[in-house]
Structure formats: C-alpha cells, structure tokens
Amino acid sequence: MAAFANVTPLEEQLLKEKINKDIEFEWLLQYDVPQDFNRLGEFIANSEQNLGIMNALIENSEIKPENFKMTLPQKDIVKGVITVSGDSIIKADITVVRPSKVNPSQATIGIRECWPLRLCQLRDAARYIKLTLKSFEQSKGKIWRSGDEVCKIIDNLMCSLSQAEASLILPIVKHPAEIINSEYKNIFDPPLPEDVLVDFYICRDQLIMKLFLFNLKSPNQASQSQFKPGNSNLVGSSFLSTQMSGNKILYEVAHDMQIEACIPRLSKVLQFISLALRLCQQIKDKAREIVFQIEA
C-alpha cells in the first residue's frame, strides 16, 4: 500500500488502473501473442507442406505425381491425362478432335518429363510462402517488447502471405497472339500443329487448360474482327503472326475452349493461407489495443 501513500482517491484509482493495464499488457505480450504466433507458424508450415513444391524437389520424396483427366463435359473434343508434380506439368497426353462436319481430324498435345512445363503461379506461391516461413522463423521465440514491434512483424508476414494467395487466385491469362511465336511452344512433343495452341494456368484450386483452334488464312484475308486488347470474346477474332520462315499468317480463332481439373492440395493451401491471414489480423488487433491504451 506504500505506492498509494500521500495520493488522492482519484490518483489512487488512476494508479491502480495503470498497474492493471500494465499487468494485462505484459500477459498479452508474454503469453497470449506468443501462443497465437506459434499457431500462425503451424498454418504457414501447413501451407508449404500442402503446396508440395519443396517436397517434390527432394530426392526419394514420398510425394507422388498427380494425374488429372482433362475432358470437356458431354463432348468428345478433348480427352487425355495431365501429370503434375510440384509446380510443373511433367507429362501430358491429350487428344483433340478438330470439329468438322465434313472431315474431323485429330491433334495430339504431348509433354515429356525431360522438358516439363513449369506453372509459374505455383512457383511464385511457393516462393512467397517460403519467404513468410523464413520471416516467421527469424521471429520465433522472440520476447515481445511493444505492440508496435508486433504490428511491424505481422505486417511483413501478411504482405508475403497475401502475395502467395494472389499468385493462386489471380490467373495469368495470355492472349494467343502473345505466345504463338514464343519458346513456350517448343516444350510440346510432338510439336503442336500450326492451327492448335494450348496454354495452362492456375485459378484458385483449378488447373485450367485453354485450348485454341484456328483457321489459317493469308494476310490479305484480314477482316474487321482482328484482335483488340481487352477483348475477351476471341472466337471470330484474328491476328497476324510471322513464322520463322518470314511468312505472315492470319490466325482466326475458330474455337476457344477451357478445360478444368481440380487440384485438391491447392484447396488446402488456400484454406491455411486464409486461416493464417485471419490470425495475423487478430494478433494485430491485440497489438493495436496495447498501443492505443498506452497512448491514451
């Protein structure tokens, strides 16, 4: 009671409130925040584990390649299987039937293990999650001194987690005019026919195969429906491209198809990222309350 000697009742009440707040803040910083922070580390680690990129790179890893059927519902135009390991399509064997009332023909889309197709969105997501985990490990076991310190570290974690999430939920979609003469076409074995083009990307937990079939025309057959940036309706549009021989060809989009396959592990990755971001916000709210009360 010596602490309250020679003080007025009001001053005594304010002093008691300050002591209680100091005890509460110390409990938050030494016990509550560290417990939440450890849970956060579990969510981040589970995100990396389910993404499976690092495990797939380890020799003798128990991670097995995943096979996905690629078909169009109620249509026999596209049939085949794609094999995914880690962040890459390591094998594909897909048959495409060119729709025609007169003489339907087939084309083969093949990818071999010697030249896999890396899905850059999965690579980017893995990079950001690895960065998040590294930042977490650097702060693990830290003795927190202030709410501002907590907010600063949590902000860094939320930034890289949000970038990992964005890598998966924001698909990188290219127009065929962007990739028709790129090295991307060289990975296919056998080589893609001139009138067939395919692209792969991720949208949330879906592996998307975008398939274009073209009518090939001479440049003087160009119509007013040529490709315009931002135009999402590609059927009937056209664009000019120069072949390696120097000849120009007009590519008219005859068919624009999208084939989807669910990758279950990506559903879990997004779930754990969401849980981690939610917990980050909760930790931040507690830390902000400490800052607010001290400044009040």
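Miscellaneous remarks
- Qualifying residues in the stretch 46-84 (those that are small (Gly, Ala, Ser) and modelled with pLDDT under 95) - the one least open to solvent (accessible area, probe 1.4 Å): 52
- Only one entry of 293, 281 meets the criterion of being at pLDDT 95 or above, out of contact with any Ser or Thr (no Cβ under 6 Å at 6 or more places or on another chain) and either closer than 30 Å to residue 147 by Cα or surrounded by 18 or more Cβ atoms within 10 Å (Cβ to Cβ) (or both), and that entry is 281.
- Pair list, Cβ under 7 Å, 6 or more apart: the stretch 224-247 residue modelled with pLDDT under 60, other residue part of a loop (DSSP other than H, G, I, E, B) and surrounded by 12 or more Cβ atoms within 10 Å (Cβ to Cβ): 225/236; 225/237; 226/237; 227/175; 227/237; 231/237
- Of the residues making up the stretch 242-251, those that are surrounded by fewer than 16 Cβ atoms within 10 Å (Cβ to Cβ) and part of a strand (DSSP E or B) number 2.
- The residue of the stretch 119-152 that is modelled with the highest pLDDT, among those that are more than 28 Å from residue 172 (Cα to Cα) and open to solvent by less than 30 Å² (accessible area, probe 1.4 Å), is 136.
Conditions (1) outside any helix (DSSP H, G or I); (2) open to solvent by 10 Å² or more (accessible area, probe 1.4 Å); (3) under 25 Å from residue 51 (Cα atoms); (4) in contact (Cβ under 8 Å) with a residue 40 or more places away in the chain, marked per residue:
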site	(1), (2), (3), (4)
253	yes, no, no, yes
260	yes, yes, yes, yes
269	no, no, yes, yes
285	no, yes, no, no
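- Verdict on residue 106 being under 25 Å from residue 285 (Cα atoms) and either in contact with a Ser or Thr (Cβ under 6 Å, 6 or more places away or on another chain) or free of Cβ contacts under 8 Å to residues at least 24 places away in the same chain (or both): no
- Search result, residues across the stretch 85-118 that are open to solvent by 50 Å² or more (accessible area, probe 1.4 Å) and either part of a loop (DSSP other than H, G, I, E, B) or in contact with a His (Cβ under 6 Å, 6 or more places away or on another chain) (or both): 99, 100, 101, 102, 103, 104, 112, 113, 114, 115, 116
- Residue match in the stretch 155-167 (condition: touching a residue at least 60 places away in the same chain (Cβ under 8 Å), surrounded by 17 or more Cβ atoms within 10 Å (Cβ to Cβ) and touching a strand residue (DSSP E or B) at 6+ places or on another chain (Cβ under 9 Å)): no
- Among the residues of the stretch 168-197, the one identified as within 15 Å of residue 234 (Cα to Cα), open to solvent by 50 Å² or more (accessible area, probe 1.4 Å) and aliphatic (A, V, I, L, M) is 173.
The values are calculated or read from the model by the stated rules, or taken from the named source; none is laboratory data. The structure displayed is predicted, hence computed values, not measured ones. Cβ sites come from the backbone with ideal geometry, for glycine too, and all protein chains shown count toward neighbours. Calculation scope for accessible area: heavy atoms of the full protein, side chains included, ligands and nucleic acids excluded. Shrake-Rupley method; radii C 1.70, N 1.55, O 1.52, S 1.80 Å.
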